[in-house]
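Please read the structure below before turning to the comments.
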Amino acid sequence: MVENRRPRRPAILTPAQTESLVGDIDPAQESALAHACAWAILNVSDSTFGAEVIQRLHEVIATEGVDIIAHIWARSPEFTLPGALWRSYLFHEWCVRDLHVVTRLYELGLQEYGLGKYETRHSAGSLNALLNELEHLFAGQLTDDDLENLLLWTSSVMRIIAAGNNPEGSWIEDITDPLAYPVTLRSHALVRTAEELERSAQEAAHGRLE
């Protein structure tokens, strides 16, 4: 259950800290590193990350949490694997931090939509079930074969929460919030992110999510 998760590190990197870490890296190198780390999470090796490096990366994540590499994905385009992982990561972090609030919004959203519309294999499970699956993703326990379903499931749950939130589908509104990033601060953030994850799931289904 989500309530029994081990204590997390205090907060993810702020946008300023992210910029200080990756700002001086050549954009092409930054993109290559973001993609390599993203595929490594799914146990897919490449010329940058071989099997031994992936194993060490998973060991570090098991000790420090995926926070240690997630900032590398922050500037990745939405319809890429690192972009999809970044959006999923922000959503997961928000849910774990504000679980009581998010659970209430989820329940209100289900009432708004009615159970029938979202009674599918992607979103019929509880919010806790999705968070557990996202934990498995970031722990390196899933593969690229799991991406389509997980991204669709996350997208559906985000739409439900948005319906329980407000008509604007806002997400993070305080610019001092540790989760205040362009993805979360923009207007209609929950709905727009859900749409992006749905599109990413479609790309994954056809083997085009890079």
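Summary table
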item	result
Tabulated pairs, the range 51-64, first over 17 Å from TRP39 (Cβ atoms), second open to solvent by less than 80 Å² (accessible area, probe 1.4 Å) and not β-branched (Val, Ile, Thr), C-beta under 7 angstrom, 6+ apart or interchain	ALA62/ALA139
Hits in the range 187-208 - residues which are touching a residue at least 12 places away in the same chain (Cβ under 8 Å) and in a loop (DSSP other than H, G, I, E, B)	SER187, HIS188
Residue in the range 94-116 that is without any contact (Cβ under 8 Å) to a residue 24 or more places away in the chain, more than 20 Å from ALA201 (Cα to Cα) and part of a helix (DSSP H, G or I) present	yes
Unmet requirement for GLU78, which otherwise passes all of (1) under 13 Å from the mean Cα position of the chain (by Cα); (2) assigned to a helix (DSSP H, G or I)	(2)
Per-region count, the range 65-75, residues of a type in the set (A, V, I, L, M) and either in contact (Cβ under 8 Å) with a residue 40 or more places away in the chain or in a loop (DSSP other than H, G, I, E, B) (or both)	4
Within the range 197-210, considering residues that are surrounded by 20 or more Cβ atoms within 10 Å (Cβ to Cβ) and closer than 12 Å to LEU85 by Cα, the one modelled with the lowest pLDDT	LEU209
Filter result (at pLDDT below 90 and open to solvent by 50 Å² or more (accessible area, probe 1.4 Å)) within the range 166-186	PRO167, GLU168
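The values are calculated or read from the model by the stated rules, or taken from the named source; none is laboratory data. Since the structure is predicted, the reported quantities are computational estimates derived from the model, not experimental observations. Reconstructed Cβ throughout: ideal geometry from the backbone, glycine too, with neighbour counts over all protein chains shown. Quick note on the areas: whole protein, heavy atoms, side chains included, nothing else; ligands and nucleic acids left out. Shrake-Rupley method; radii C 1.70, N 1.55, O 1.52, S 1.80 Å.
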